[in-house]
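Just so you know, all these numbers are worked out from the coordinates, no wet-lab data involved. Since the model is a prediction, treat every value here as computed from it, not as a measurement. No Cβ is skipped: glycine too gets one built from the backbone with ideal geometry, and neighbour counts run over all protein chains shown.
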Amino acid sequence: MSQADFQHVVRLVDVQKSYGNVRALSGVNFSVGCNEIVGLIGDNGAGKSTLIKIMTGVEKPTSGDLYIRDRQVNWRDYSVGKAHELRFETVYQEKSLGEKQPLWRNFFVGRQITNRLGFIDVRRQKAIANDILRNRIGFRSEGINADSPVSVLSGGERQGVAIGRAMHFDADLIVLDEPTVALAISEVRKVLDFVRGIKESGRACVYIEHNLAHVHELSDRLVVMDRGAIVAEIPRGQMTLNELTNFLIDLQHDKPTLSPATPPAADRRAGTAS
Ligand SMILES: Nc1ncnc2c1ncn2[C@@H]1O[C@H](COP(=O)(O)OP(=O)(O)O)[C@@H](O)[C@H]1O
Ligand SMILES: [Mg+2]
């Protein structure tokens, strides 16, 4: 990848998002630097998925601004397709691949390679899929190739395929929403290795992960969300895993029983962010 001529791959400024009277996000400022791995953590319902859905064009915010590679983008012009065009790729925790389809088809869903006559170029797609499997994500299993159905892959391998596909399409930013949540421990390691591969290849990543040890190990910066707001940003090395765990437990103890519409209190935020 060439030297980046921008500071942030993506930046969200003062984003609010309400679903009816449920306030999912309030006053969120979030950015991702070049080649930065940002770990996004927080309890269920904190707003993590909502934030990345807005960032990747799945949802529109109620208000707020979006900058991509330091240029403002109008929400009206922003969509999942536009995010792909701008080289943002998202890997969801499940259902990102079609079970019965061969692997090569999964690589090219929604963006077929066609030949001069407009027909789908199957041979080329298979060749590329095999190249991604062998070289990009290092699949060694003898039995697996571009023609294998997705159903023969383990959970970790599936996530690897999804990540490999994102890398193939030259994503600058790869967003992973809890990629290990349904996986066996041995499989989780593979996914962590894929995330390391994202970093090594010069890309940026937003990594939502419930396992603190993993996200602590891999992230350049941790962003902590609580009840729709960002309550802390922790650069790599600033907290040990133990300190991080205690910090999050304290955050929970601070939790009042709240109705969904309660806006996060600014003073509480200031208190926990220090
Ligand atoms: N489509 C939706 N309709 C109504 N409420 C939603 C919707 N999506 C998310 N929410 C609410 O927004 C809040 C944040 O959810 P979410 O972003 O999924 O949290 P997280 O990913 O951190 O668990 C929750 O209170 C959730 O119930
Ligand atoms: Mg979520």
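Key figures for this structure:
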{"quantity": "Two-site label geometry, Ser201 and Asn242: point separation in nm, points 7 Å out along Cα→Cβ", "calculated": "3.8 nm"}
{"quantity": "Formal net charge of residues neighbouring Val9 (Cβ-Cβ distance under 11 Å; K, R +1; D, E -1)", "calculated": "+1"}
{"quantity": "Amide hydrogen neighbours beyond the local backbone of Val10, cut-off 5 Å, H modeled", "calculated": "Val32, Arg69"}
{"quantity": "Charge dipole (debye, nearest 20) of segment 98-228; +1 at Cβ of Lys and Arg, -1 at Cβ of Asp and Glu", "calculated": "540 debye"}
{"quantity": "Per-residue HN-Hα couplings for segment 68-82 [Karplus 6.51, -1.76, 1.60; θ = phi - 60°; Hz; x = Gly/Pro]", "calculated": "10, 6, 6, 10, 5, 10, 6, 4, 5, 9, 10, 7, 4, x, 5"}
{"quantity": "Gained length - Thr114 relative to Ser151, 0.36 nm times residue gap less alpha-carbon distance", "calculated": "10.7 nm"}
{"quantity": "Where Cα atoms sit under 20 Å apart: lysine pairs in segment 13-113 separated by 8 or more or lying on different chains", "calculated": "8"}
{"quantity": "Rounded to whole Hz, the Karplus (6.51, -1.76, 1.60) HN-Hα couplings of segment 56-61, x for glycine and proline", "calculated": "10, x, 6, 10, 9, x"}
{"quantity": "Packing-based order for 18-28, 170-180, using average beta carbon neighbours within 10 Å, highest first", "calculated": "170-180, 18-28"}
{"quantity": "By average C-beta atoms within 10 angstrom, highest first, the peptides 206-213, 58-65", "calculated": "206-213, 58-65"}
{"quantity": "Long-range tail of P(r) for the chain (Cα pairs > 31 Å, %)", "calculated": "29 percent"}
{"quantity": "Cut-off 20 Å (backbone N to label point 7 Å along Cα→Cβ of Gln101), residues of segment 173-190", "calculated": "175-177"}
{"quantity": "Coordinate range along principal axes, alpha carbons of segment 123-199, Å, largest first", "calculated": "34, 29, 16"}
